[in-house]
1. Across region 619-676, which residue is farthest from residue 301 (Cα to Cα) among those that are of a type in the set (D, E, K, R) and in a strand (DSSP E or B)?
2. Scanning region 154-193 for residues that are farther than 20 Å from residue 90 by Cα and of a type in the set (Phe, Trp, Tyr), which turns out farthest from ligand 2 (Cβ to nearest atom)?
3. Could you check region 407-436 and list, in sequence order, the residues that are in a loop (DSSP other than H, G, I, E, B), under 13 Å from residue 730 (Cα atoms) and touching a residue at least 60 places away in the same chain (Cβ under 8 Å)?
4. Hey, among the residues in region 630-651 that are over 34 Å from the mean Cα position of the chain (by Cα) and charged (D, E, K, R), which one's surrounded by the fewest Cβ atoms within 10 Å (Cβ to Cβ)?
5. Just to be sure I understand, how many residues within region 117-137 are within 15 Å of ligand 2 (Cβ to nearest atom) and not in a loop (DSSP other than H, G, I, E, B)?
6. Restricting attention to region 435-461, which residues are open to solvent by 30 Å² or more (accessible area, probe 1.4 Å) and within 20 Å of the chain's Cα centre (by Cα)?
7. Just to check your reading of the model, which residue among 208, 256 is open to solvent by 20 Å² or more (accessible area, probe 1.4 Å), more than 16 Å from ligand 1 (Cβ to nearest atom) and within 30 Å of residue 373 (Cβ to Cβ)?
8. Would you mind stating whether residue 200 is of a type in the set (Phe, Trp, Tyr) and either within 15 Å of ligand 2 (Cβ to nearest atom) or not in a loop (DSSP other than H, G, I, E, B) (or both)?
Amino acid sequence: MELCTYKIRITGTVQGVGFRPFVYALSQRYVLQGTVCNTPQGVVIFVNTDTITLKQFLIALEYEHPLLASIQSIEHEELDYTVFEDFKIIKTEDTGAVTANIPPDVSICSECEKELLDSKNRRFKYPFITCTHCGVRYSIINTLPYDRVNTSMKFFKMCILCEEEYNNPLDRRYHAQPIGCFECGPQLQLLDNVCESTSFLGIQTVVDLFQQGKIIAVKGVGGYHLMCDARNEKAVETLRKRKKRVSKPFAMMVRDIQMAKEYASINEKESELLSSKERPIVILSANTDKTKNLHPQSSKVGVFLPYTPLHLLLLESLQRPLLATSANVVDEPICTNLEDLKKLEGVYDYVLEHNRDIVNGCDDSVLFVVKNQTLMLRRARGYAPVQVKLPFKLEKNVLALGANQKTTIAIGFDNQVILSPHIGDLHTINSMDYYKKNIKTLENMYSFTPEVIAYDKHPHYETTKIAQELLASKKVQSEKKVQHHFAHVLAVMAEKALTKKVFAVAFDGTGFGDDGNLWGGEFMLCDYDGYERIAHIAYFKLLGGAKAIKEPKRVALALLFDLYAEKVFALNNPTTQSFSQKELRSYFLTYKKGINAPLSSSVGRLFDAVASLLGVCHVMSYEGESGILLEELYDASVQGHYRFGYENTKIDILPLLEDILSESDVVVATSKFFHTLVKIIELVYEPYDLDLVLSGGVFQNRVLVSLVLDKFPQAILPNIIPPNDGGIALGQVVARINTEDKNND
Ligand SMILES: [Zn+2]
Ligand SMILES: [Zn+2]
């Protein structure tokens with residue numbers, strides 16, 4: 001058969017995952033001559049072959065590729081015949097715009113695990129063992145292409161043995177950028193509570209400290225964890241006190257699935273997720289009280305498996321679960337270097353440090369499974385940055401700034417969107433710096449220049465200020481302001497590549513509405529071009545504005561005033577009891593005059609109000625507390641729902657609250673409250689023959705999600721991006737609303 005030269009281009013996640021050695025191995029199987037190299041767009045192969053072998057070769061590329069690779073496209077073209085003597089992996093070409101995907105950080109692979117625990121291997125107990133199938137990626141990359149010089153591994157000069165592996169196309173460590181060993185790679189160091197070096201005889205020293213109940217800051221992949229023995233009540237209590245974290249749940253890291261099963265019930269899907277290469281924290285149902293102090297208010301416990309060789313060595317030796325929580329100052333991003341960590345002085349007793357820099361901070365991912373669907377609460381390590389392929393092409397390059405809480409940012413070009421990992425809340429100078437750094441990182445990695453800036457309509461969000469700065473600096477020409485809940489819905493549409501108009505329910509905390517009120521109980525007909533708000537929860541007042549978001553009793557009190565006006569002073573229920581008579585009277589005045597009492601339709605706040613009326617929670621110690629407490633009270637055997645009104649696009653919830661007040665059993669009241677929300681959705685959705693999309697932070701509530709899916713099994717929820725504000729940036733990118741040109745002077 002006639003030999004021709006073919007050029008094959010492969011795009012997707014194909015760098016840093018052992019793709020070129022895989023291609024090399026295939027070339028040996030099919031006896032092909034040619035070359036393979038990385039480019040900023042992916043991988044390019046030149047081969048001399050006939051059409052039949054080419055077909056087999058292409059099929060093998062598509063179906064046998066390495067575990068960590070994911071192929072987006074394979075294209076080939078015939079070229080003029082060129083002579084190649086053999087098959088070679090050649091140096092990276094760095095020309096053209098970067099579109100290749102950045103590989104995420106993944107957990108240690110089974111082969112490295114075997115070597116780690118093999119006393120004859122030269123990397124026996126080496127805490128940074130890695131290969132092309134596993135280990136750090138995103139967290140150490142400065143820029144693409146993914147080569148060692150573009151990562152924080154550039155400071156480590158390979159020893160002869162490592163270099164041999166690195167240069168051998170048939171070795172599992174061929175071009176494994178983070179490769180190293182005891183001789184040449186990163187090393188551990190133990191520091192005391194003021195970050196001074198202290199005596200360290202290896203992993204056992206640290207394990208001994210854990211056994212003594214010490215709290216240790218352990219440097220991981222995308223930041224530090226605070227860790228202690230999860231079964232040592234005193235250690236856990238000390239950590240709570242030092243971190244001033246009264247009741248918010250902590251996650252725990254366990255040796256393996258067997259150990260996980262000692263603490264939680266795990267179904268097949270959850271087990272798969274726990275042991276997946278991404279190793280997220282999976283929220284599970286606890287089956288014992290042995291670690292109750294990790295989750296004092298909830299029957300759910302966050303569990304994850306070790307994802308670095310270091311974690312594995314610690315747990316292998318300790319044989320007990322470790323409490324593991326991100327080391328960060330309240331409201332600030334995860335600490336990624338010692339300087340940051342020092343701000344937590346007094347919280348940890350020791351620091352297990354290493355000398356490989358974390359370039360890009362990245363938290364642990366958090367998710368749970370409901371009705372066999374994955375719901376992402378936080379998308380970060382292992383999954384991020386995430387690439388979403390759109391069902392259409394974007395006309396311009398869009399930078400989306402996300403929202404103010406649980407922020408992520410996104411860049412959109414061509415028919416794809418890259419969503420950053422979870423960044424966090426934008427309340428402090430440090431978090432703003434971290435946020436801006438994340439924008440730069442994505443822009444650098446993808447050589448991306450924004451033409452349009454997309455952001456939330458809220459006039460006081462930090463993101464709005466940043467948008468204005470960018471527009472003023474003329475770095476970006478035009479803007480689009482995207483309504484918060486519209487963005488929530490669009491994010492799901494983009495993830496699922498939906499192209500038809502949908503009926504959407506956005507149940508959320510609060511987001512700025514088109515009428516200036518704080519929306520969050522919205523029913524919308526949406527497509528990419530816009531939305532129609534067909535119904536919403538009737539407005540109620542948030543007494544004290546932002547304060548009401550942390551104090552459910554304020555929301556409940558305003559609703560009581562709606563129902564009973566001055567008669568509230570004489571009422572005796574958990575909400576009124578939580579105020580003094582004097583307070584009740586003074587709040588009634590501000591309520592009547594509407595001073596610092598913005599209107600809201602938020603279902604998140606409705607949960608708060610119900611929690612206060614039932615005496616479950618008046619002031620929250622962490623976000624989402626009222627929802628967690630109500631979940632706990634739900635009883636599946638309780639039937640029926642409460643009254644509500646629906647007239648003229650408004651859903652009147654006052655009858656619902658009256659019914660709750662007259663209910664003596666908290667469990668019955670809570671359960672019927674959940675059923676009522678489903679009933680409301682049912683009633684509003686009834687006349688429409690459109691797909692039902694659910695989005696917004698309230699859909700992190702597993703009881704509500706489960707009940708809605710019982711009623712509407714075909715309802716569409718996001719599975720890749722979070723239903724909370726972590727998904728907003730994706731929605732902002734794809735909104736096809738008119739952009740305003742700001743710099744046409
Ligand atoms: Zn490996
Ligand atoms: Zn070495």
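The values are calculated or read from the model by the stated rules, or taken from the named source; none is laboratory data. The shown structure was predicted, so the numbers you read here are calculated from the model rather than taken from an experiment. Neighbour counts run over all protein chains shown; Cβ positions are idealised from the backbone, glycine included. The protein model used for the area step is the full one, side chains on, heavy atoms only, and it has no ligands, DNA or RNA in it. Shrake-Rupley method; radii C 1.70, N 1.55, O 1.52, S 1.80 Å.
1. It comes out as 647.
2. Taking the candidates together, the pick is 155.
3. Listed by number, the residues that qualify are 408, 409, 420, 421, 422.
4. In this case the residue turns out to be 647.
5. Of the residues in region 117-137, 2 are within 15 Å of ligand 2 (Cβ to nearest atom) and not in a loop (DSSP other than H, G, I, E, B).
6. The answer is 436, 437, 440.
7. One residue alone meets the criteria, 256.
8. When the stated conditions are applied, residue 200 does not pass them.
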